[in-house]
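The structure under discussion appears below in the form of C-alpha cells.
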Amino acid sequence: MIKNVLRGLAAAALVVLPLAAAPSAHAAETVPLATTVDRLPVGTESREGYQRTSFKH
C-alpha cells in the first residue's frame with residue numbers, strides 16, 4: 001500500500017512540477033548583438049600564476 005502511495009505521489013509530482021516551472025526562454029529580452037557585446041565586462045589581462053613550462057604541447 002505504501003508503495004502505491006509513493007508511486008502516486010511521484011506521478012503527481014511529474015505532472016505538477018513542469019507546470020510550476022519558471023517561465024520559458026521565450027519571455028527573455030531580445031537585444032541586438034552589438035548592444036549585448038557592449039554590455040560585456042572588460043578587464044585587464046592577468047598572467048599571474050601562468051608558467052609556459054606547465055604545458056607540454
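FYI, it's all coordinate maths here, none of it is from the lab. What you are looking at is a predicted structure, and each value in this text was computed from that prediction instead of being measured.
What full-extension length gain, to one decimal in nm, is calculated for Lys3 and Val31 as 0.36 nm per residue of separation minus the Cα-Cα distance?
Taking Lys3 through Val31 to full extension adds about 5.1 nm, to one decimal.
Work out, step by step, the length gained on full extension between His57 and Arg39: first 0.36 nm times the residue separation, then minus their alpha carbon distance; give nm to one decimal.
Length gained, His57 through Arg39: 3.0 nm.
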